[in-house]
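So the structure is just underneath, and the comments pick up after that.
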Amino acid sequence: MTGEQRHFVVVGGGLAGLASAVWLTEAGQRVTLLERRGSLGGRTIAMPQPAVDDVPDNGQHVFASGYENVFRYLESVGTREHVCFPGRLGYRFPGDDTTSTSLHNVDKFLKRVPGITVGERLRAAAATLRLMAQSLRQPHDLDAITAAEWFDRLGMPRSVQHALWDGMTIGLTGDKPELSAAKPLADLMATGAKQALKLRTPISIGYPTVDLDTLYLAGARRVFAERGVDVRHRAVVRSIDVEDGAVTGVTLTDGERVPADAVICAVPVWSIRGLLDQVPGHEEVYRAAEILQPVPIVSVNLYLDRSIGMQEWGEVLYDGLGVLEQVWDRQRMHGRSPERSWFYSTTVSASYDLIGLSNAEITGRQMEMLRRYYPEARDAQVLHSHVVRMPRSTITQHPGSFGVRPGVETQVDGLALAGDWLQTGWTITMEGACQSAARAVDHLLSVTSVRSSRSPRPRSSRASL
Ligand SMILES: Cc1cc2nc3c(=O)[nH]c(=O)nc-3n(C[C@H](O)[C@H](O)[C@H](O)COP(=O)(O)OP(=O)(O)OC[C@H]3O[C@@H](n4cnc5c(N)ncnc54)[C@H](O)[C@@H]3O)c2cc1C
């Protein structure tokens, strides 16, 4: 902070843009937040269902206890208390109506998987040790092979890959092991191990006890109103304007120009193309946009006439076919009364096969799945169902993509990027979005050569590249 208040424009009102705006205004800066849609929140939103008078989310968002920047954001907007870490998650197998609650004892877990022999369990234990060792001291070619190829090379039995590691890979990298490179998985295993050492406790999974609007937006709106942040909806940015190597503002698609001393561009990777045409070096960022492809998630909010008998707040369903399916008990998570209906959500990550089906087919498949795992679900009736297709949920990192995620800094004075797709210590997560925001804000606040908006420049011309 140099003491002088400057005008920052933040483009994009998802988590990265919200965190940027909140932290800039905390630092005493004047902020305008521009969001293309009619509401803020980006990929973390609640979707009210008037038919059942409820406010489900666009998909379950879980937290790792190693996250730091998301919690800093929640502290800033006053909602940190709404994330809890029960310290366990459930795991289920079809035909076995009990829930196991820990993956820390992998051997105990594998004993319950039908068809896995003692020999396979022993080989899996040795391969898991090798996997951890190679995550910390990585062989040079982990970006050249897929996670599935890495498992084979480590000697992980295929049966154990399908029972455990395929689902783990989808959960951690967002994509299937035959598509994701081994490197992001190894990086995350290493980040998790380091965070666990730092925090002196194994990483666990937590969840919000309120809907995502209450968690992320309610407090932000209060901060913005108190600090005079100008939030503009349906403001679609067409270009970031640059003159003489410094940012001068942005231009909207309707031609309006919004001058600024500094800009944080916090749009998703699939929206970046065209915005940075005046920015030297933009070709590399656009190349990242070609390589980093979106991965779909399908969620179903199911309102049933009875309990299905879950034993934990969230349960991961293992079918041994390498599919990651999860079910969430909103009664336990949100303290919801089941007086009118029992509310469960299901999540299918990397749901390439499911996303093209009709709502009725998707709901039918999810109910079939619940009936396979939960005896009490056999006669359950669906009172209301709400299918949420998010074709662009997370982003895949195929082999050969290491290093394409750009950093937050650009070659332009006063311009930084933010968003989950930028280079951070995490994969495509809420933490990645907030970590990039923290870096973008720190970077811009530390730069002293930002021009003052009090002497606005003429409309910028296209910079030569
Ligand atoms: C169903 C689902 C489940 C998920 N589960 C988890 C989870 O369990 N844990 C986890 O950590 N992460 C999870 N994620 C990922 C997480 O939601 C994202 O990583 C994070 O929210 C991304 O935030 P962002 O701000 O980078 O991008 P976004 O949320 O996409 O925000 C970008 C914003 O920019 C706006 N914008 C785009 N172009 C323009 C323009 N030209 N002008 C103005 N505005 C523009 C968009 O409208 C949008 O609001 C999940 C995502 C989904 C969809």
| field | Set of lysines with alpha-carbon distance to residue 176 below 26 Å, sequence-local pairs under 8 removed | value | 108, 111, 194
| said: What is the percent carbon and sulfur in the accessible area of the chain, measuring with a 1.4 Å probe over the protein chains and ignoring ligands? | reply: 50
| field | Linear extension gain, residue 332 paired with residue 53, 0.36 nm per residue minus alpha-carbon span | value | 98.6 nm
| task | Let me know the volume per residue of the alpha-carbon convex hull for the chain, in Å³. | result | 145
| task | May I ask you to list the trypsin sites (Lys or Arg not before Pro) in region 172-216 that are in a DSSP loop and have at most 13 other Cβ atoms within 10 Å of their Cβ? | result | 200
| Packing-based order for 133-142, 233-242, using average beta carbon neighbours within 10 Å, highest first | 233-242, 133-142
| So for the pair residue 256, residue 291, with labels modelled 7 Å out along Cα→Cβ, what separation do we get in nm? | 3.7
| said: Show me the ranking of peptides 345-351, 23-29, 221-227 by mean Cβ neighbours inside 10 Å, starting with the highest. | reply: 345-351, 23-29, 221-227
| query | Out of residues 5 or more away from residue 413 or on other chains, whose amide H comes under 5 Å of its own, with H placed 1.01 Å from N in the peptide plane? | reply | 246, 247
| message | Give me the mean projected area, in nm² to one decimal, of the convex hull enclosing the Cα positions of region 105-201. | response | 6.1
| note | Between the modelled labels at residue 244 and residue 199 (7 Å from Cα along Cα→Cβ) the distance in nm is 4.8
| field | Accessible surface, per residue, of region 105-201 when the full set of protein chains is kept, probe 1.4 Å, Å² | value | 48
| request: With a 1.4 Å probe and every protein chain left in place, tell me how much accessible area residue 61 has, in Å² to the nearest 10. | output: 40
| query | DSSP beta bridges in the chain, what fraction antiparallel, as a percent rounded to 5? | reply | 70
| Can you work out ³J(HN,Hα) from phi for every residue in region 242-257, in order, using Karplus 6.51 cos²θ - 1.76 cosθ + 1.60 and θ = phi - 60°, giving whole Hz and x for Gly and Pro? | 10, 9, 6, x, 10, 6, 10, x, 9, 10, 8, 5, 8, x, 5, 10
| note | For region 312-398 the GluC sites (Glu not before Pro) that pass both the DSSP coil test and the at-most-12 other-Cβ-within-10 Å test are 339
| Sorted by average packing, counted as other Cβ atoms within 10 angstrom per residue and highest first, what order do 13-21, 86-94 take? | 13-21, 86-94
| remark: Residues whose built amide H sits under 5 Å from the amide H of residue 87, excluding neighbours closer than 5 in sequence, are 205
| task | Amide H neighbours of residue 325 under 5 Å, at least 5 residues apart or on other chains, H built in the peptide plane: list them. | result | 317
| said: Between residue 236 and residue 392, what's the calculated FRET efficiency when r is the beta-carbon distance and R0 is 25 Å? Round to 0.05. | reply: 0.90
| note | Under the helix-only model (-39500 (n - 2.57) for each DSSP H run of 4 or more, divided by the residues of the chain), the mean residue ellipticity at 222 nm, to 500 deg cm²/dmol, is -9000 deg cm²/dmol
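The values are calculated or read from the model by the stated rules, or taken from the named source; none is laboratory data. Since the model is a prediction, treat every value here as computed from it, not as a measurement. All Cβ positions, even for glycine, are placed from backbone atoms using ideal geometry, and neighbour counts span all protein chains on display. Each accessible area value is taken on the protein alone, full model and side chains, heavy atoms only, with ligands, DNA and RNA left out. Shrake-Rupley method; radii C 1.70, N 1.55, O 1.52, S 1.80 Å.
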